[in-house]
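The values are calculated or read from the model by the stated rules, or taken from the named source; none is laboratory data. Please read all numbers here as calculations on a predicted model, not as lab measurements. All Cβ positions, even for glycine, are placed from backbone atoms using ideal geometry, and neighbour counts span all protein chains on display. When the accessible area is computed, the model is the full protein with side chains, heavy atoms only, and any ligands, DNA or RNA have been set aside. Shrake-Rupley method; radii C 1.70, N 1.55, O 1.52, S 1.80 Å.
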Amino acid sequence: MTRDGTRDGTRGVTAPGLTGPDLSAPVRRLVVEGAHVATVDAHDTEHAGGHVVVDGSRIVAVGPGPAPAWATAGLAPPGSARGSATGSGSGSATPDAAPIPVERVDGRGHLLTPGLVNTHHHLYQWLTRGIAQDSILFDWLVALYPTWARIDEPLVEAGAAAAIAVLARSGCTTVGDHHYVFPAGSGDLLGGIVRAAGTVGVRLHATRGSMDLGRSQGGLPPDFAVETTDVALRASQEAVARFHDPSGDARVQIAIAPCSPFSVTPDLLREAAVLGRQLGVRLHTHGSETVEEDAFCLERFGRTPTQYLEDLGWLGDDVWMAHCVHLDDHAVGRFAATGTGVAHCPSSNGRLAAGIAPIASLLAAGAPVGLGVDGAASNESGQLGTEIRQAVLFGRLRSGADAFSVRQGLRLATIGGARVLGRDADLGSIEVGKLADLALWRVDGVEFAGIADPVAALGLASLPPLARLWVGGDSVVVDGALVHADQGLLAEGAARASAELRARV
């Protein structure tokens, strides 16, 4: 493990049922053949019975039919620096170049997609599932704030590790998390979340969230659950300095994320936007989630949430907001014109009766949109893969049966989410040069036997079993089981942490 809790690319575990060399080798080649490959590129290219070749952490070949001979022979790609002694691009190895170790995976009966990208979550909430089951958002928050205000570093790490394990087992390779509760004396909460992501082996887009508008000032959270504006800003800057990796293959990135218009002062929102842009990191918050939020902003500020946030510098291509359920036509146009992203969380919005976001309108206008699970306390499933189906069904309920296709749902979960997080140059589609974050779904079981379209298995049917999950070419899930962590131990840890947290209230 590196000092920030992420893996260094080597593996000491050889997963069962694989052919080829020892997977502990840090430099190897992965060849997947025979799968239905949904690339989710700009043209939605698909290859029935196609192949994908990975060298190290990057994709080096994608196409129909079997993999080329150079790939399976362990030779360098044609035209590469190692390709040939003469530079002819023949794919033959140089006299002093040993063949690359090759791991071959039979993808027949499987669907291969990009790894899924989660754009919004509250990982610590894994410890408080099943509470306030019949409440709308504001009542639900009031019920849970007293419990959340008693979290600490060990509890957060235990909850986050279990939540991330569930995300990975549902096809998620990049986890976006919005953590905004930082009780005094609670320890290194962000550090615990970073370690949890490293334990499972996924990428993490963490945020240093904040709340400084307590109930005595007209906000929703109790005063004991908020920080001062200065403390929140200083801690945000420190989080970026400690954890943020701006590189294309980053395992950990940090955004600055004041919680919401009803829990944050205008000063914190304004100054956080300035700070984030000075530091070159992204900005995240909740926006337009409920009619109650709209009423709060109109009464307190005389503006809709979108108007209010724009006044404070919170629209732009470095910003994404969670939910955005109650956007009017003007707001949709402003999101599209400014490139402001949206994290669509259909299950959570349904659980809290918040409404159905105008996703078809946002997409038609050109706004970036990705999928989010949201906190496990408002989406007890915790799975990202199931949100594809939810997004398709919710989108059709709002806009019509022909207004939202399964491939649009898959795009939200992959390249859409990568765009929202600013990572679409390296993540979100299966294309040469991109990082090998890949999900291999089994679609030959009885649940999907005879289905006309493998993508429909993911977007309309039940969630297919996950055969393999790779993050940067690193095997993270095999046949539904974690490679780097013991999911039984993670479950036990989360159960103990949840019981301890409830006992503190």
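Where only protein heavy atoms count, and the probe is 1.4 Å, what is the accessible area per residue for the chain in Å²? Each step should come with its number before you reach the end.
On the way: 17770 Å² over 505 residues.
Accessible surface, normalised per residue, equals 35 Å².
The distance from the alpha carbon centre of segment 423-439 to that of segment 258-337 is 30 Å, rounded to a whole number. For a test of the definition: using alpha carbon positions, the gyration tensor, and the 1.5 limit on a/c, classify segment 118-240 as rounded, prolate or oblate. It is oblate, given that a/c is not under 1.5 and a/b is not larger than b/c. Projecting label points 7 angstrom from Cα along Cα→Cβ for ASP41 and ALA98 puts them 3.3 nm apart.
Between ALA364, SER381, LEU269, the Cα set farthest toward the positive side of the dipole of segment 266-382 (charges on each charged residue's Cβ, about the Cα centre) is that of ALA364.
Just round it to a whole percent: the fraction of Cα-Cα distances in the chain exceeding 33 Å. Above the 33 Å cut-off, the chain has 36 percent of its Cα pairs. Backbone amide hydrogens, once placed in the peptide plane, bring VAL319 within less than 5 Å of LEU283, GLY341, excluding anything fewer than 5 places away on its chain.
Residues GLU310, GLU447, GLU271, sorted by accessible area with the largest first, give GLU447, GLU271, GLU310 [1.4 Å probe; ligands and nucleic acids excluded].
How high is the FRET efficiency between GLN278 and ASP479 when r is their beta carbon distance and R₀ equals 45 Å, given to the nearest 0.05? Show your work: numbers first, answer last.
Numbers: r = 46 Å, r/R0 = 1.03.
Calculated transfer efficiency: 0.45.
Once C-alpha pairs closer than 8 Å and six or more residues apart are averaged by separation and normalised to the residue number of segment 94-200, the relative contact order reads 37 percent. All alpha carbon pair distances within segment 382-505 were sorted into 5 Å bins beginning at 0; the resulting P(r) in whole percents reads 2, 10, 13, 17, 18, 16, 11, 8, 4, 1, 0. Listed values for segment 203-208 are Karplus-derived 3J(HN,Hα) couplings in whole Hz (6.51 cos²θ - 1.76 cosθ + 1.60, θ = phi - 60°), namely 7, 10, 10, 8, 10, 9, and x replaces Gly and Pro. Mean projected area of the Cα convex hull of segment 318-368, taken over all directions, amounts to 3.1 nm².
Using just its DSSP H runs of length 4 or more, each adding -39500 (n - 2.57), the chain gives a mean residue ellipticity at 222 nm of -9500 deg cm²/dmol after division by all residues. Structural descriptor for the chain: relative contact order 19 percent, calculated from alpha carbon pairs under 8 angstrom and at least 6 residues apart.
Please get the size of the charge dipole for the chain, origin at its Cα centre, with Cβ charges of +1 on Lys and Arg and -1 on Asp and Glu, quoted in debye to the nearest 20. Walk me through the numbers on the way to the answer.
Details: 39 positive and 54 negative charges, 133 e Å.
Dipole magnitude for the chain comes out near 640 debye.
Under a model in which nothing but the beta-carbon of Lys, Arg (+1) and Asp, Glu (-1) is charged, segment 165-247 shows a dipole of about 320 debye around its Cα centre.
Between SER216 and ARG502, the C-beta separation translates, for a Förster distance of 30 Å, into a calculated FRET efficiency of about 0.65. Only protein atoms count toward the accessible area here, which uses a 1.4 Å probe; on the chain, the carbon and sulfur part of that area reaches 52 percent.
Rounded to the nearest Hz, the phi-derived 3J(HN,Hα) couplings of segment 409-419 under the Karplus curve 6.51 cos²θ - 1.76 cosθ + 1.60 (θ = phi - 60°) are x, 5, 5, 4, 6, 10, 5, x, x, 4, 5, where x marks glycine and proline.
For LYS434, the amide hydrogen comes within under 5 Å of the amide hydrogens of ILE59, counting only partners 5 or more places away or on other chains and with H modelled in the peptide plane. For ALA206, the residues 5 or more places off, or on other chains, whose built amide H falls under 5 Å of its own are ASP177, GLN253, ALA255.
Simple point charges give the picture: +1 on the Cβ of Lys and Arg, -1 on the Cβ of Asp and Glu, and for segment 458-505 a dipole about the Cα centre of about 220 debye.
Of the residues GLY472, LEU327, VAL60, the one whose Cα sits farthest towards the positive end of the charge dipole of the chain is VAL60 (charges of +1 on Lys and Arg Cβ, -1 on Asp and Glu Cβ, taken about the Cα centre). Only alpha carbons enter this Debye calculation for segment 91-167, each as an equal point scatterer, and the log10 of I(q)/I(0) it gives at q = 0.11, 0.15 Å⁻¹ is -0.56, -0.74.
Need one word for segment 408-460: rounded, prolate or oblate. Basis is the Cα gyration tensor (sqrt eigenvalues a ≥ b ≥ c); a/c below 1.5 gives rounded, then a/b vs b/c decides.
Values: a/c = 3.48, a/b = 2.08, b/c = 1.67.
Here segment 408-460 falls in the prolate category.
For segment 215-349, the fraction of alpha-carbon pairs lying more than 22 Å apart is 38 percent, rounded to a whole number. Extension gain for SER462 to ARG398 (0.36 nm times residue separation, less C-alpha to C-alpha distance): 20.9 nm. These residues, ILE356, ILE151, ILE100, go from largest to smallest accessible area, 1.4 Å probe, as ILE356, ILE100, ILE151.
In order along segment 454-461, the phi-based Karplus estimate (6.51 cos²θ - 1.76 cosθ + 1.60, θ = phi - 60°) of 3J(HN,Hα) comes to x, 5, 5, 4, 7, x, 10, 8 Hz; Gly and Pro are listed as x.
How far is the Cα center of segment 375-409 from the Cα center of segment 129-200, in Å? Result: 22 Å between the Cα centres.
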